[in-house]
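Structure first, then comments.
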Amino acid sequence: MPHNQNQPVLEPDPYQLLFQTMPDVVNVEQMCTMLGGISTKTGRKLLQSGRIAHFRIGRFYRIPKLSIIHYLREIMTPGTPLDYDALQH
């Protein structure tokens, strides 16, 4: 199928490709793996601080995969200070 010059070329979303094997809703341990193997303690701090959108079922956190992708885009946005702390103390 020839490319029409009037239509933009859609490139695949790198985060969607990276996490395509992960379920749409993950638990804390899976989220920590998606974030490069951070500790579950740090993962819970991110959730409790509201940095990553989530919901709870009983006492268990459930995190939509799209919330993690949104968080990663937020912290990787050009112009973010190099000393940006994902967890502000």
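Where a number appears in this text, it was derived from the coordinates with a stated rule and is not lab data. Owing to the predicted nature of the structure, the values given are computational and were not obtained by experimental measurement. Note that we place each Cβ from the backbone using ideal geometry, even for glycine, and neighbour counts take in every protein chain shown.
In this simple spin-label approximation, PHE55 and GLU74 carry label points 7 Å from Cα along the Cα→Cβ vector, and these lie 1.9 nm apart. Let me know the shape class of the range 22-75, please: from the alpha-carbon gyration tensor, a ≥ b ≥ c as square roots of the eigenvalues, rounded when a/c is under 1.5, otherwise prolate if a/b is greater than b/c, or oblate. Note, shape of the range 22-75 comes out rounded.
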